[in-house]
1. Please give the contour-minus-distance gain from Glu335 to Leu198: 0.36 nm per residue of separation, less the Cα-Cα distance, rounded to one decimal in nm.
2. Tell me, what % of the accessible area of the chain is carbon and sulfur with a 1.4 angstrom probe?
3. Out of these labelled values of semi-axes √(5λ) of the Cα gyration tensor in Å, (i) 32, 27, 24; (ii) 50, 30, 21; (iii) 36, 23, 21, which was calculated from the coordinates shown here?
4. Answer rounded, prolate or oblate for region 60-193, using the Cα gyration tensor with square roots of eigenvalues a ≥ b ≥ c: rounded when a/c is under 1.5, else prolate when a/b is larger than b/c, else oblate.
5. So what is the relative contact order for region 164-303, in percent, with contacts set as C-alpha pairs under 8 Å and at least six apart?
6. Are there any helices in the chain, counted as whole DSSP H runs, that stretch 20 Å or more along their axis by Cα and score at least 0.5 on average by Kyte-Doolittle, and if so which?
7. Can you tell me, using C-alpha contacts under 8 Å and at least 6 residues apart, the relative contact order of the chain as a whole percent?
8. Tell me which of Leu165, Val388, Leu75 sits at the most positive position along the dipole axis of the chain, charges placed on C-beta atoms (Lys, Arg +1; Asp, Glu -1).
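The values are calculated or read from the model by the stated rules, or taken from the named source; none is laboratory data. Just so it is clear, the structure is predicted and the values come from calculations on it, not from any experiment. Don't worry about glycine lacking a Cβ; one is built from the backbone with ideal geometry, like all the others, and counts go over all protein chains shown. SASA here: full protein model, heavy atoms, side chains in, ligands and nucleic acids out. Shrake-Rupley method; radii C 1.70, N 1.55, O 1.52, S 1.80 Å.
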Amino acid sequence: MSTQSSARSTGPAPGTARPHAARPPVDDTSVPSFESSGGDWDEIAAEIAELGEERIVVNMGPQHPSTHGVLRLMLEIDGETVTEARCGVGYLHTGIEKNMEFRTWTQGVAFCTRMDYLAPFFQEAAYCLGIERLLGIEDDVPERAQVIRVLLMELNRVASHLVCLGTGGNEMGATTVMTISFTAREEILRIFESVTGLRMNHAFIRPGGVAQDVPAGLSEDFWHMDAEVRKYLAQLSDLMLANPIFKSRLVGTGHLNLAGCMALGVTGPVLRSAGLPYDVRKSAPYCGYETYDFDVPTSTDADCYSRVVLRIEECYQSLKIAAQCIERLERSVGEPVMVADKKIAWPAQLAVGTDGAGNSFEHIREIMGQSMEALIHHFKLVTEGFRVPAGQVFQTVEHPRGELGVHLVSDGGTRPYRAHFRDPSFNNLQAVALMCEGGQVADVVVAVASLDPVLGGVDR
């Protein structure tokens, strides 16, 4: 203790360097690790030392308001110019696909709907279509159920595009664009809530059909929503498309031509902005899309501005499809919305009672007081689920962000042996380097917004 006090009292005078006799000699050619190792940073630092250049590597995210969730961008910059861009994903990993292997086929819907939380109906639809193909009942699904699926998916496409346009505008400082977009989206979420009971994470599309029929008065609610959303879309077009500041930020920014899209597996509005009219609804129709009248808008500018224009036009096309769905629903009132096979149909005979939605009184009376066999079947269907013949299937749908695929493998049991999703956001993020390198740091925000990634779907 006295030795330490002595050292303090006899230390060097102010302004002179303190000696470090115990420190090893410094090798000027080595790269300091600062007590961390591994990953991309060591490689980047070693490359900088080898080239003898002074470059700056910065993190953009994963906690950043402009990275659409927890996306990490590693940017190497020279002044304001991005010389290298890398994506880091996995910060939102939920293990949904692995969890689905430990749930029944029907319970899997409640998991996959939470992946891309801005477009839940598309995951539900792709998953259920795959199950129905494995079961061999794709032709037995009632037409009314297919129409309800199309209606919900197309309204969900509009809602998803509105979030893309709104958040993208907010990231560039256009707060009014965001408030209008989210106000318009609220109109659609009210429709979702009236049909499914929930604003998101619905688990409404089920193997064999949908959970229940649409409520009475849906047509009136739809036409009110349609008029309101079209009004807000017109306001967004006026605010954005002719705005000189908006155009100067987006025109020519984030360019990705058709060759780049094809090489990277990019789909959706980004691919169509490069001139290819690829849309799963047209190329491999499902849910009866071949019977609807709609167009697939394209552009050849292949920049961020063209993707905004395309998404607005796709909103109008989706509203056009949804209107056709409403007309078909009006003509098919009372028709079933679930397959007739009671060994698959779940939930069974729902009805709205004083305590909310539940099984109908007739169904309860049968299983509790009239038929022991019906009670046993109900119990096994709820707790164990139905068996799916062994096999595998790959089903795709046209998601708001591109082609969504689901690969399902069954070993003949009541649970998926494997469930894997090809999420479009994951594939589209491969284009970040090609779109951002050589541009400005501010252009990274615009380019990523034009891809419209949702990290819940990327990480799964």
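1. Details: separation 137, 0.36 × 137 = 49.32 nm, distance 2.35 nm.
Full extension from Glu335 to Leu198 adds 47.0 nm.
2. Numbers: 11570 of 21380 Å².
Here it works out to 54 percent.
3. Working out semi-axes √(5λ) of the Cα gyration tensor in Å from the coordinates points to (ii).
4. On the way: a/c = 2.98, a/b = 1.55, b/c = 1.92.
Oblate.
5. Working: 116 pairs, mean separation 24.4, N = 140.
Across region 164-303, relative contact order equals 17 percent.
6. Numbers: long enough: 120-135 (23 Å, 0.58); 143-171 (42 Å, 0.27); 175-196 (31 Å, 0.47); 218-240 (32 Å, -0.30); 304-331 (41 Å, -0.10).
Counting only whole DSSP H runs, the qualifying helices are 120-135.
7. Values: 778 pairs, mean separation 109.3, N = 460.
Relative contact order for the chain comes out at 24 percent.
8. Val388
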